[in-house]
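> Dumping the structure here so I can ask a few things about it.
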Amino acid sequence: MTFAGTLGDGDAERAVSASVRGGVLRGTVDGRPLPEAAVERRGAEVLLEAGGVRTRAVVAREGDRLLVHLDGRVHEFEVGDGVRRRPSPRGGRRARASDEPRALSPMTGTVVQVAVKPGESVAAGATLAVVEAMKMQFVVRAPRAVVVRSVSVAAGAAVEIGAVLVEFEDGNPSPDAPTRENAPR
Amino acid sequence: MPALRKRVLVANRGEIALRVVRTCRVLGLTSIAAHSEADASLPFVREADEAAVLGPGPARDSYLAIGRVVEAARNARADLLHPGYGFLSENPDLAESVEAAGIVFVGPRAETLRRMGNKVTAKEAAEKAGVPVNPGTGKLRDALHAAGEGARIGWPALLKAAAGGGGRGMRVVESPRDLEAAFRTASAEALASFGKADLFLEGLVRPARHVEVQVFGDGEGRAAALGERECSVQRRHQKVLEEAPSPAVDAGLRARLCAAAAALAQEAKYRGAGTVEFLLDAEGRFRFLEMNCRLQVEHPVTEAVLGTDLVAAQLRLALGGGMPEFPPAEPRGWAVESRVCAEDPEAEFAPSTGRILALEVPRGPWVRWDGGYAAGDAVGPHYDSLIGKLICWGATRAEAIDRSVAALGRLAVLGPRTNAEFLRAVLDHPRFREGRLSTSFLDEEFPPPWRAPERDDGDRAIAAAAAWLALGGAAGNGGAAAAEANPTPWASLPGWRGHGGGGA
């Protein structure tokens, strides 16, 4: 009745060790002690009571992704064995928007439009591609001024969430360099 | 000799198909769920008396394939076909083919669908019935034609799909400069969603409320108006929260709205359940927008404040029972519907697919959950993102809102991300609580990007996670072994892993 590993929540990855003996949870998070709590688990439901405060959570796990529902909010963790360190999807997504050299499909669906060609310079916010799923179209935009290096998909292609759509490098457009927004057409 | 049980083919999916299946059971009718291969294990198929496969997952090969739907109805020896909402529900060709096969279409006649389902001819019908109409253009050939026609009604204007619904194929055009791009994307969306690319322009009233009236006709010219619903809380023209009655409608305005809606339904000799949509301005003036010739997603709020079952009424009329009895259109208390969708409000509401690992649905007095999925089901990319609708009734509007907020807090959908927390934030917003709504309410009060409010329960979540893991989480529900057998996007994301280790 023990667990030792890591829980990443996007901002930080914490080393967690926990054991339950006689219905009591004891453990540490990044070396700090967890408050001792009476615990009970029934399927997906976990009940905790620590210092007179009761917590009821619904928990489920799929692969490395652990979901904890608490008072209307789903907390997402990535469970690690404590050796490999990798960012959680949520953290990864936020980081990606600013510094990833590629645009990924935000969802599983169909590419309906690819708006750029390799070599093209585009301004921040320009449309790179449009993906459709569930009858909704989602515009994938350039996170900053970039130069398109390669386009990995074509209109009509089925893509998984996270599939690479367009790879690019930082554009450093001089004022007179043509961009998609002001290029003569 | 006992009468043969009548047979109803349910030509839809998800929550609305399940809702029809359950009402068939109440009425002693045999239900047949016509479903795609992708939906074979969903609750509406499991709960139906019988099931028939339409075709593969993509809607055009299953729920939108008229030939396959009609063939399924014939093979099932159906007496009735209920089309639900969306898909082919307002398609006159389906209604015609079904009735030609000797099966009753649970909805208006094909000729009514042609006239009232087209937004341009529906406006002509409204004018004939003496209903005030929002000015608009006829069918547009192209962006250039739109620019010329739009000058008549003035800018800004709303570009809409003639065969539309659900906000698809719709764009606000602030000035003629935006027309070309708007025309291109809206017609592509209209073609993809409805099979027809036709667009038209209409006047944009700002600020305005979207208020609609439920009607029910017997097809012979008798029609009842069953009160209004407020549907102003919209994101990109998609309804997010609905309520009945409207906080902007008093008894006098209700009487005028209902009289106008009933006049239109009578003029159209409307058969079955339908909805007449109006724009309501700040001065209490209303204009006809369009008619939805089907059951609406948000019909339960009307059911809650009137104490009636609209699907049962549809089926009874279709069985030849004549005009059903309805209570007077005076709302009792208040009802609010929250549309819970598989989408990530913190990522511009991108659809979120995946398997539902655990699902807990709130229960309690005056709390209704019309859901389409159970734990273990996958929310796939083929269809819309609606997981379920939470409908809460209260003696007052405040009570209905409080009940909705509490129930959304107890709703646990683990797997795809959902908008449940966003819905709670909207319900709790002072302007929503005060009922000061307009169709731009969400744009004004919740401009993207939306972030969930900060909370200090992270340590409790970690403690719950640690306890669950220590008590055998790895071998528990959806454990690692199961996830490897059913790989999910999260478990196989080269992009995200690459970001950490540079391996991809």
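> Is it the case, given these coordinates, that B:VAL45 is closer than 23 Å to B:GLY219 by Cβ and over 19 Å from the mean Cα position of the chain (by Cα)?
Considered against the rule, which asks whether it is closer than 23 Å to B:GLY219 by Cβ and over 19 Å from the mean Cα position of the chain (by Cα), B:VAL45 comes out as no.
> Looking at (1) more than 9 Å from every other protein chain (Cβ to nearest Cβ); (2) of a type in the set (Asp, Glu); (3) touching a helix residue (DSSP H, G or I) at 6+ places or on another chain (Cβ under 6 Å), find the lone condition where A:ASP30 falls short.
The single condition A:ASP30 does not satisfy is (3).
> Across segment A:1-13, what is the number of residues that are assigned to a loop (DSSP other than H, G, I, E, B) and hydrophobic (A, V, I, L, M, F, W, C)?
2
> Hey, can you tell me all the residues within segment B:173-193 that are in contact with a Leu (Cβ under 9 Å, 6 or more places away or on another chain) and among the hydrophobic types (A, V, I, L, M, F, W, C)?
Answer for segment B:173-193, where residues must be in contact with a Leu (Cβ under 9 Å, 6 or more places away or on another chain) and among the hydrophobic types (A, V, I, L, M, F, W, C): B:VAL173, B:LEU179, B:ALA182, B:PHE183, B:ALA186, B:ALA190.
> Then there's this: Select from segment B:379-420 the residues that are more than 17 Å from A:LEU70 (Cα to Cα) and of a type in the set (Lys, Arg) and list them in ascending order.
Residues satisfying the conditions are B:LYS389, B:ARG397, B:ARG403.
> Taking only segment A:14-23 into account, find how many residues are more than 10 Å from every other protein chain (Cβ to nearest Cβ) and part of a strand (DSSP E or B).
Going through segment A:14-23 one residue at a time, the tally reaches 1.
> Among (1) in contact with a strand residue (DSSP E or B) (Cβ under 8 Å, 6 or more places away or on another chain); (2) in contact (Cβ under 8 Å) with a residue 24 or more places away in the chain, where does B:TYR383 come up short?
Of the numbered conditions (1) in contact with a strand residue (DSSP E or B) (Cβ under 8 Å, 6 or more places away or on another chain); (2) in contact (Cβ under 8 Å) with a residue 24 or more places away in the chain, the odd one out for B:TYR383 is (1).
> Continuing with this model, one more query. Based on this model, can you work out whether B:GLU174 counts as of a type in the set (Asp, Glu), assigned by TED's automatic domain parsing to the domain that holds B:LEU310 and under 25 Å from B:LEU280 (Cβ atoms)?
no
> Across segment A:27-60, what is the total count of residues that are of a type outside the set (Asp, Glu), in a loop (DSSP other than H, G, I, E, B) and over 28 Å from the mean Cα position of the chain (by Cα)?
The total comes to 3.
> Related question: Return the residues of segment B:423-456 that are surrounded by 17 or more Cβ atoms within 10 Å (Cβ to Cβ) and among the charged types (D, E, K, R); say none if nothing qualifies.
B:ARG424
> Quick one: A:ARG96 ticks every box in (1) within 7 Å of chain B (Cβ to nearest Cβ); (2) at pLDDT 75 or above; (3) surrounded by fewer than 22 Cβ atoms within 10 Å (Cβ to Cβ); (4) in contact with a Phe, Trp or Tyr (Cβ under 9 Å, 6 or more places away or on another chain) bar one, so which box is it?
(2)
> Can you say whether B:GLU50 is crowded, with 16+ Cβ neighbours inside 10 Å and at pLDDT 95 or above, as far as the supplied structure shows?
no
> Only one of B:ALA374, B:ALA412, B:ALA350 is small (Gly, Ala, Ser) and without any contact (Cβ under 8 Å) to a residue 12 or more places away in the chain; which?
Being small (Gly, Ala, Ser) and without any contact (Cβ under 8 Å) to a residue 12 or more places away in the chain holds for just one of B:ALA374, B:ALA412, B:ALA350, which is B:ALA350.
> Would you mention how many residues in segment B:355-367 are surrounded by 21 or more Cβ atoms within 10 Å (Cβ to Cβ) and of a type in the set (Gly, Ala, Ser)?
The total comes to 1.
> Which strands (runs of 3 or more DSSP E) does segment B:119-233 wholly contain that include 3 or more residues that are in contact with a strand residue (DSSP E or B) (Cβ under 6 Å, 6 or more places away or on another chain) and touching a residue at least 24 places away in the same chain (Cβ under 8 Å)?
B:157-161, B:199-203, B:208-218
> With a cut-off of at least 3 residues that are within 10 Å of another protein chain (Cβ to nearest Cβ) and touching a Pro at 6+ places or on another chain (Cβ under 8 Å), name the helices (runs of 4 or more DSSP H) lying wholly within segment B:362-436.
Here the list reads B:397-410.
> Quick check on this structure: which one of B:ALA375, B:ALA400 is more than 30 Å from B:LEU204 (Cα to Cα), surrounded by fewer than 22 Cβ atoms within 10 Å (Cβ to Cβ) and not basic (Lys, Arg)?
Exactly one of B:ALA375, B:ALA400 is more than 30 Å from B:LEU204 (Cα to Cα), surrounded by fewer than 22 Cβ atoms within 10 Å (Cβ to Cβ) and not basic (Lys, Arg), namely B:ALA375.
> If B:ALA347 satisfies all but one of (1) over 22 Å from A:GLY43 (Cβ atoms); (2) within 14 Å of another protein chain (Cβ to nearest Cβ); (3) modelled with pLDDT of 95 or more, what's the number of the condition it fails?
For B:ALA347, the exception is condition (3).
The values are calculated or read from the model by the stated rules, or taken from the named source; none is laboratory data. All values reported here derive from a predicted model rather than from experimental measurement. Ideal geometry is used to build each Cβ from the backbone, glycine not excepted, and the neighbour counts take in all protein chains shown.
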